[in-house]
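Reviewing the structure listed below.
The values are calculated or read from the model by the stated rules, or taken from the named source; none is laboratory data. Every value quoted in this text rests on a predicted model; they were computed, and no experiment measured them. Cβ sites come from the backbone with ideal geometry, for glycine too, and all protein chains shown count toward neighbours. Only protein heavy atoms, including side chains, enter the accessible area calculation; ligands, DNA and RNA are left aside. Shrake-Rupley method; radii C 1.70, N 1.55, O 1.52, S 1.80 Å.
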Amino acid sequence: MKIVVLAGGLSTEREVSLVTGTSVCRALRQNGHKAILVDLFWGLEEVPADLETLFDAPDGLCPDAKIAVTAPDIEAVKKSRKDQSGRLFGPNVLELCSLADIVFLGLHGQDGEDGRVQATFDLLDIKYTGGGYLASGLAMDKSMTKRMMDSAGIPTAPWRDIPSYTEADIPALTAELEVPCAVKVVNGGSSIGVALPDTKEELEAALREMLRYGSHIIVEKKIRGRELTVAVLGDRALPAVEIVPAVKEFDYTAKYQTGGAREICPAPITAEQQEKMGALALKIHRTLGLEVYSRTDFLLDEEGHFWCLEVNSLPGMTSASLVPKEAAAAGLTYNELCEEIVQRSYRLKRRG
């Protein structure tokens with residue numbers, strides 16, 4: 001197949017996405033596909049007269065991508081593109097995607113998981129991997145996901161939706177909200193836009209910090225427990241991973257620095273716990289209408305109860321990411337995992 005692996009974009013998870021895209025592109029080329037990596041935002045400014053020849057480009061146009069320990073400067077990325085039109089899609093991106101048999105969405109965060117790219121591709125009759133636009137948008141919005149969990153009877157921490165607030169509202173919110181709690185921007189990812197205040201002073205600081213990322217947040221009761229995640233691939237749940245942070249605040253820096261956390265796969269839980277958590281992951285996957293694959297994060301409290309945190313519709317796919325580790329524990333190589341995602345997605349009928 002001719003495959004465009006679409007990555008990058010303007011999300012705070014941009015660098016993670018580029019590493020995902022590089023890993024996936026090389027795996028698909030090893031599988032025999034004509035795969036090329038394209039940055040959603042930067043695109044390709046210099047191209048041959050016949051765009052299709054790019055599918056034969058050496059090494060799939062893959063950069064030497066890596067994840068820095070600090071989140072990318074998105075404003076600097078915006079200024080770096082010669083085309084200053086403000087379009088999310090960079091030069092020649094849509095043209096190249098329309099020539100592909102399928103687009104592998106290696107995007108993470110708001111640009112790739114909020115459904116806008118998927119909706120664009122649906123309108124242009126371009127095949128792509130993963131869930132559709134509506135399911136993606138629901139999964140990306142933590143407020144909507146929590147509503148869907150509540151309606152489906154999936155256990156999740158008690159929460160409050162704060163659809164909009166300003167600096168002037170912070171004193172009143174600080175007085176009203178209980179601590180300890182978790183404060184989350186509704187469309188954040190990679191532990192960006194999340195704070196876990198234990199005191200009123202920390203809560204006030206967290207509310208100010210969240211305004212950097214947006215004014216729509218949810219505030220959850222903080223539940224202490226073991227951090228676990230389980231992926232869904234097709235119609236099955238994969239073996240769970242336990243994440244053991246090395247530091248108290250598992251933020252973006254801790255997440256991507258060496259030694260920031262231990263990831264144990266399969267997680268040291270009972271067969272019954274694996275089955276229960278897998279069933280919950282499948283249930284929220286289907287409730288949201290997701291397709292092909294997803295990853296759901298949980299907490300397991302001291303009393304043995306599972307609490308669903310959030311769902312990732314386009315989880316990380318670097319060779320060191322959680323979903324590939326779960327797939328390996330189930331007997332799938334990284335290349336086999338990428339191939340199954342492509343083949344399952346290619347068979348989907350998006351529009352009638």
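Mean-square fluctuations from a GNM of the chain, with a 10 angstrom spring cutoff on Cα atoms, peak among E46, E113, E310 at E46. Identify, among P58, V241, S215, the residue whose Cα sits farthest towards the positive end of the charge dipole of the chain, taking +1 on the Cβ of Lys and Arg and -1 on the Cβ of Asp and Glu, with the dipole about the Cα centre. Going by the Cα projections, it comes out as P58.
Each residue of region 275-291 is assigned a 3J(HN,Hα), and the resulting list reads 5, 5, 5, x, 5, 5, 5, 5, 5, 6, 4, 6, 4, 6, x, 6, 9 Hz, derived from the Karplus form 6.51 cos²θ - 1.76 cosθ + 1.60 (θ = phi - 60°), x at Gly and Pro. Annotation: amide H of G9 within the under-5 Å range of L40, F41, W42, sequence separation 5 or more or interchain, hydrogens built in the peptide plane. Quick one: plug the Kirkwood hydrodynamic radius of region 106-218 (C-alpha pairs) into Stokes-Einstein at 4 °C, 1.567 mPa s, and report D in µm²/s. Answer from the Stokes-Einstein relation: 84 µm²/s. Look at the Cα gyration tensor of region 61-144: its axes a ≥ b ≥ c give a/c of at least 1.5 with a/b at or below b/c, and that counts as oblate.
Across the cross-link table entries K142/K200; K222/K276; K34/K78; K221/K276; K184/K283, which are compared at the Cα atoms, the separations over 26 Å belong to K34/K78. Thinking of region 267-349 as a set of Cα atoms, what percent of all their pairs are more than 14 Å apart? Pairs farther apart than 14 Å: 69 percent.
Backbone geometry of region 340-349 corresponds, through the Karplus equation with coefficients 6.51, -1.76 and 1.60 at θ = phi - 60°, to 3J(HN,Hα) couplings of 5, 4, 5, 5, 5, 5, 4, 7, 5, 9 Hz, x marking Gly and Pro.
Each principal axis of the Cα cloud of region 75-120 was evaluated for its coordinate range; sorted largest first, these ranges are 31, 23, 16 Å. V19 contributes about 30 Å² of solvent-accessible surface, heavy atoms of the protein only, 1.4 Å probe. Using a Gaussian network model of the chain in which every pair of alpha carbons under 10 angstrom is joined by a spring, one finds that among L211, L51, L40 the greatest mean-square fluctuation is at L51.
Can you work out D for the chain in µm² s⁻¹ from Stokes-Einstein, where Rh is the Kirkwood radius over C-alpha pairs, the temperature is 20 °C and the viscosity is 1.002 mPa s? Calculated translational D: 103 µm²/s. Put simply, the amide H of L233, placed in the peptide plane, has neighbours under 5 Å in L238, leaving out anything fewer than 5 places away on its chain.
Placing +1 on the Cβ of every Lys and Arg and -1 on the Cβ of every Asp and Glu, with no other charges, gives the chain a dipole of roughly 560 debye about its Cα centre.
For the chain, the solvent-accessible area works out to 44 Å² per residue, with a probe of 1.4 Å and every protein chain left in place. In plain terms, the bigger the Kirkwood radius, the slower the diffusion; for region 1-88, with that radius from Cα pairs, at 10 °C and 1.306 mPa s, Stokes-Einstein puts D at 116 µm²/s. Dipole size of region 1-115 about its Cα centre, with +1 on Lys/Arg Cβ and -1 on Asp/Glu Cβ: approximately 140 debye, rounded to the nearest 20. Each residue of region 89-95 was assigned a 3J(HN,Hα) from its phi angle through the Karplus curve 6.51 cos²θ - 1.76 cosθ + 1.60 (θ = phi - 60°); the sequence is 7, x, x, 6, 5, 5, 5 Hz, with glycine and proline shown as x.
Could you state the number of Å between the C-alpha centres of region 167-218 and region 82-152? Cα centroid to Cα centroid, the span is 27 Å. In region 1-69, carbon and sulfur make up what percent of the accessible area (probe 1.4 Å)? Answer for region 1-69: carbon and sulfur cover 53 percent of the accessible area. Label-to-label distance, E272 versus A119, with points set 7 angstrom from Cα along the beta-carbon direction: 4.5 nm. Taking amide H as placed 1.01 Å from N in the peptide plane, the amide H of E310 sits under 5 Å from that of D297, each at least 5 places away or on another chain.
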